[in-house]
1. Kindly provide the set of residues from the stretch A:45-70 that are within 15 Å of the chain's Cα centre (by Cα) and more than 10 Å from every other protein chain (Cβ to nearest Cβ), ordered by number.
2. Within the stretch B:14-37, which residues are closer than 19 Å to residue A:188 by Cα and crowded, with 17+ Cβ neighbours inside 10 Å?
3. Given (1) modelled with pLDDT under 85; (2) touching a helix residue (DSSP H, G or I) at 6+ places or on another chain (Cβ under 7 Å); (3) within 21 Å of residue A:151 (Cβ to Cβ), where does residue A:32 come up short, assuming only one miss?
4. So residue B:91 ticks every box in (1) within 8 Å of chain A (Cβ to nearest Cβ); (2) modelled with pLDDT of 90 or more; (3) outside any loop (DSSP other than H, G, I, E, B) but one. Which box is left unticked?
5. Going through the stretch A:158-199 one residue at a time, which ones are of a type in the set (Asp, Glu) and surrounded by 19 or more Cβ atoms within 10 Å (Cβ to Cβ)?
6. Considering only the stretch A:60-95, state which residues are exposed (fewer than 13 other Cβ atoms within 10 Å of the Cβ) and touching a Lys or Arg at 6+ places or on another chain (Cβ under 9 Å).
7. Within the stretch A:28-61, count every residue that is in contact (Cβ under 8 Å) with a residue 12 or more places away in the chain and either aliphatic (A, V, I, L, M) or not in a helix (DSSP H, G or I) (or both).
Amino acid sequence: MPDGYEDKLIERLQRRDEAAFNELVRLYQAKVFHLVFRMLGDRAEAEDLAQEVFITVFKSIDGFRGDSKLSTWLYRVATNHCKNRLKYLGRRARGQKQAFDELSERDAVESATMQTSALIPRPDEAVEGKQIEHIVQRALATLDEEHRELIVLRDLENLSYEDIQRITGLPEGTVKSRLHRARLALKAAVEALSGEKKPT
Amino acid sequence: MTRDEARENFSAAFDGELGDARADFDALLREDAELREEYEEFAQLLRETQSLALDEDRPEADGAPTPDLLAGVQKKLRVRSGGRFYRDRFSEGAARGLSVPMLLAAVMLLVLVGLFVALNWTTVIDPPSPRPASASPGQAR
């Protein structure tokens, strides 16, 4: 990105220049979608939410003071959206489960597992090289949102501790200790899942 | 450094953030095969996880490329702003290179230029002038 490009882009965005906004979306859509997809684990939800992230950016670009990189601010907007959506999905899943519990036991068990199993290809559908990826993605989905957020930002988005502090608003020590706990939780989840089909 | 302290430092060691404590950590791992194996498993999982990071040469996790979000974003903005933003199809296509309206305008322009040239071409051709009557021998004299 050429020097001064980001400043000019922000200036144009704050003038509500539609062409500038088109540029912004094209520039960051892959990163935002990837982050959101890893957080939610569902492609359709991720596509919808990534669009919402850009709409929030369009509406609130005036509030961007430029004390961090535009991409860092975008990540912050995206992670906040993800947390809200995960809470909403959790509430909805609990509501669905309650309704399913009124059905027969067999139907209820099948329905409760439907949501996650629909997202993950069965082992016979997945090629060998993809198994680890699917297991890690499933394991991520079992982590609580604070742990998932840190794993995604650090290990999947490869962000520095400083950027993570700016995005999450957490102090350095908390980021490091929480990330360690998150990684241990991920390891435990992967081991639990790969107990059925451990990749070699 | 004790074994428990070393375990607490697995993440920091993996991220290269141990600083001065690194030498103690490595020494303990050399002495303790069980702890070393534990750390290797931990590091291996993180390496596998990090291999899932976004790579421009690699498709998305589920094998499909990143979707183009722009059209959806523009539509939502148009609806939610009551048509204030992205109110016409020209603005939607502003950054997409040659849009359909632009191509249509170019074709229309070419047609008009063609018509103009064709009309001018026909007007420059004079109709054949009538053949002058041959002079009578008497007049010639």
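The values are calculated or read from the model by the stated rules, or taken from the named source; none is laboratory data. If you're wondering where the values come from, they're calculated on a predicted model, not measured in any experiment. Don't worry about glycine lacking a Cβ; one is built from the backbone with ideal geometry, like all the others, and counts go over all protein chains shown.
1. Passing the criteria: A:45, A:49.
2. Step one: list which residues in the stretch B:14-37 are closer than 19 Å to residue A:188 by Cα, which gives B:14, B:34-37.
Within the stretch B:14-37, B:14, B:35 meet the criteria.
3. (1)
4. It is condition (2) that residue B:91 fails.
5. Of the residues in the stretch A:158-199, the ones of a type in the set (Asp, Glu) are A:162-163, A:172, A:191, A:196.
Passing the criteria: only A:163.
6. Answer for the stretch A:60-95, where residues must be exposed (fewer than 13 other Cβ atoms within 10 Å of the Cβ) and touching a Lys or Arg at 6+ places or on another chain (Cβ under 9 Å): A:67, A:69.
7. Of the residues in the stretch A:28-61, 13 are in contact (Cβ under 8 Å) with a residue 12 or more places away in the chain and either aliphatic (A, V, I, L, M) or not in a helix (DSSP H, G or I) (or both).
Residues are listed down the side, and each one gets a yes or a no for (1) modelled with pLDDT of 90 or more; (2) out of contact with any Gly (no Cβ under 9 Å at 6 or more places or on another chain):
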| position | (1), (2) |
| --- | --- |
| A:85 | yes, yes |
| A:90 | no, yes |
| A:116 | no, no |
| A:123 | no, yes |
| A:135 | no, yes |
| A:161 | yes, yes |
| A:173 | yes, yes |
